[in-house]
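Heads up: the structure comes next, in structure tokens.
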Amino acid sequence: MNAPLDLIVRNARVATASDCFDADIGIQDGRIVQLGQGLRGAARSIDAAGRVVTPGGVDAHCHLDEITSGPVRMADDFDTGSRAAACGGTTTLIPFAAQQRGHSLRAAVEQYRERAAGKAHVDYAFHLIVTDPTPAVLQQELPALIREGFTSFKIYMTYDDMKLDDGQILDVLSVAKAHGALAMIHAENADCIQWLTRRLLAAGRSAPRFHAQSRPMLVEREATHRAIALAELVDTPILIVHVSGREAMEQIRWARALGLQVFAETCPQYLFLTADDLGLDDSYHGARCVCSPPPRDAANQQVVWNGLTEGLFSVFSSDHAPFRMDGSQGKRPEGCEVSFDRIPNGIPGIETRLPLLYSEGVLGGRITLQRFVELTATNPAKAYGLHPRKGSIAIGCDADLVIWQEGERVLRNADLHHNVDYTPYEGRTLRAWPALTLARGQVVWEGQFHPCHGRGQLLECGPSSLVPARRAH
Ligand code: DUC
Ligand code: ZN
Ligand code: ZN
């Protein structure tokens, strides 16, 4: 006889990336073990009463407790960041273990492991950030770390302390190809940004709004094209992160038409914010929306929506990069209003990613429920080697589930669970919100957060399954 179930989620309207069906979900030891009608024999049951149940979100691009320079500190660590994630329906996080120049990549992994251990409330994996591809990193550390389950890494084409030149990018992509890892690329042309920044500052244009003018879409388009060319030269797949609008999307579409394996991610800020949110005058208020690439205009928001609908984008992530407006460690370093080029880049969004897309995408009639699941859970899990354990509702998957509550609700930062003192989406009306989140079968959110520090486990990632396996020639 089967062992008794721990929990049944009854009368669910189950949504996956391919289907929508009515079922009870039987859970045992944190996994889904039965799907069917009229399941019995559980210690506990939750009635979903015909409500939509999706897989817990997989946020494959978020920054938590990253080591930053000078007085600046990220506002969220693995405790507050994963708390906010759980309350917003996200049950798997993939933040970054960032190498510091002059240090080993292995040291970064150990450092970030310690930062997360005993704190995370939901499961997590790490992407590596490679900033110093020395021979030891390329020949020993990266191959060994990929074997150990760190199968994706981000490379930057901008930011002085992070950026790689084209030769270094080719070296890193070659390691990705040889060892079956997936490279994520932040595509913006550093020299163009530096040149524009110098001119803006010399003209006395230093307010937050000039951040957008220092990083026009051209700089993203050029770098996206170059990243694609470098990947083509090496003959390896890449994923372009945080794509902001039309020009970069055209490069990606062109590459895919050629048969190149170029995947793309976009984020809420490119659907819900514009450059106007950085300020229409010289007030410092706009610092809250300074992120890179910057939000564009209303026409580009529409183009990004089209890319979500038609399948240009595979992944929808938050790019949560949490800095507070008050105090001396966030957007006002040492308490000062600084020029746009010194404002810490990033906005919070780990808790609002799913409700915003469900509200405006699914209930706004722009994307199907299946596409929502694909973009927010299934594809990110596939891209980074966590599928089928994560990102779906099927027998054998982890019981990471969200029960949705439809109905209007005004978004207020006071109701969020991150450690940031604002949300860029304050006052926006949502049409749905997670009523309940289960992480490996345990209730973590039910209108109230149920903390359990250290419940989250570090996940070992396999090879990407978004990338089709190569046939031998
Ligand atoms: N841009 C990044 O590349 N990372 C973090 C935040 C941001 O705005
Ligand atoms: Zn980036
Ligand atoms: Zn980022």
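The values are calculated or read from the model by the stated rules, or taken from the named source; none is laboratory data. Everything quoted here is computed from the prediction, not taken from an experiment. Don't worry about glycine lacking a Cβ; one is built from the backbone with ideal geometry, like all the others, and counts go over all protein chains shown. Note: accessible area is taken over every heavy atom of the protein model, side chains too, but ligands, DNA and RNA are not part of it. Shrake-Rupley method; radii C 1.70, N 1.55, O 1.52, S 1.80 Å.
Observations
- There is no residue in segment 260-275 that is more than 16 Å from ligand 1 (Cβ to nearest atom), modelled with pLDDT of 95 or more, assigned to a helix (DSSP H, G or I) and surrounded by fewer than 20 Cβ atoms within 10 Å (Cβ to Cβ).
- Selection count where residues are in contact with an Asp or Glu (Cβ under 9 Å, 6 or more places away or on another chain) and surrounded by fewer than 19 Cβ atoms within 10 Å (Cβ to Cβ), scope segment 186-195: 3
- Any hit, segment 125-136, residues being over 18 Å from Leu459 (Cα atoms), surrounded by 16 or more Cβ atoms within 10 Å (Cβ to Cβ) and touching a Ser or Thr at 6+ places or on another chain (Cβ under 8 Å): no
- Taking the criterion of being under 28 Å from Pro344 (Cβ atoms) and open to solvent by less than 10 Å² (accessible area, probe 1.4 Å), the residues of segment 224-243 that qualify are Thr224, Ala227, Ile238, Leu239, Ile240, Val241, His242, Val243.
- Evaluation of Pro55 against the conditions (1) of a type outside the set (Phe, Trp, Tyr); (2) within 16 Å of ligand 1 (Cβ to nearest atom); (3) touching a helix residue (DSSP H, G or I) at 6+ places or on another chain (Cβ under 6 Å) shows that the sole unmet condition is (2).
- Out of Arg83, Arg113, one residue alone is within 25 Å of Gln442 (Cβ to Cβ), in contact with a His (Cβ under 9 Å, 6 or more places away or on another chain) and away from ligand 3 (no atom under 16 Å from the Cβ). It is Arg83.
- Within segment 286-299, considering residues that are in contact (Cβ under 8 Å) with a residue 60 or more places away in the chain and out of contact with any Pro (no Cβ under 8 Å at 6 or more places or on another chain), the one nearest to Met74 (Cα to Cα): Ser292
- Contact annotation: residue pairs with Cβ atoms under 8 Å, 6 or more positions apart or on different chains, pairing a residue in segment 69-96 that is under 13 Å from Ala321 (Cα atoms) and among the acidic types (Asp, Glu) with a partner that is open to solvent by less than 10 Å² (accessible area, probe 1.4 Å) and part of a helix (DSSP H, G or I), are Asp76/Ala84.
- Scanning segment 342-378 for residues that are closer than 18 Å to His285 by Cβ and away from ligand 3 (no atom under 16 Å from the Cβ) turns up just one, Arg342.
- Helices (runs of 4 or more DSSP H) enclosed by segment 145-229 - at least 2 residues per element that are within 16 Å of ligand 3 (Cβ to nearest atom) and on the phi > 0 side of the Ramachandran plot: none
- Any hit, segment 316-334, residues being on the phi > 0 side of the Ramachandran plot, within 13 Å of ligand 1 (Cβ to nearest atom) and either free of Cβ contacts under 8 Å to residues at least 24 places away in the same chain or open to solvent by 10 Å² or more (accessible area, probe 1.4 Å) (or both): yes
- Subset of segment 349-384 [closer than 21 Å to Gly407 by Cα and aromatic (Phe, Trp, Tyr)]: Tyr358, Phe372
- The residue list Lys177, Lys163 contains one member that is open to solvent by 50 Å² or more (accessible area, probe 1.4 Å), within 15 Å of ligand 2 (Cβ to nearest atom), charged (D, E, K, R) and touching a residue at least 24 places away in the same chain (Cβ under 8 Å), which is Lys163.
- Filter pass, Val362 being crowded, with 24+ Cβ neighbours inside 10 Å and in contact (Cβ under 8 Å) with a residue 24 or more places away in the chain: no
- For segment 413-431, a residue qualifies if it is without any contact (Cβ under 8 Å) to a residue 60 or more places away in the chain and either under 20 Å from Trp445 (Cβ atoms) or open to solvent by less than 20 Å² (accessible area, probe 1.4 Å) (or both), and the qualifying residues are Asn413, Ala414, Asp415.
- Restricting Arg246, Arg221, Arg198 to those that are over 16 Å from Ile185 (Cβ atoms), open to solvent by 20 Å² or more (accessible area, probe 1.4 Å) and under 22 Å from the mean Cα position of the chain (by Cα) reduces the list to Arg246.
- Subset of segment 138-158 [within 16 Å of ligand 1 (Cβ to nearest atom) and in contact with an Asp or Glu (Cβ under 9 Å, 6 or more places away or on another chain)]: Tyr156, Met157, Thr158
- Number of residues in segment 1-19 that are in contact with a Ser or Thr (Cβ under 9 Å, 6 or more places away or on another chain) and closer than 23 Å to Phe372 by Cα: the value is 7.
- For segment 139-160, the candidate set comprises residues that are free of Cβ contacts under 8 Å to residues at least 40 places away in the same chain and more than 16 Å from ligand 2 (Cβ to nearest atom); within that set, the residue that is most open to solvent (accessible area, probe 1.4 Å) is Arg147.
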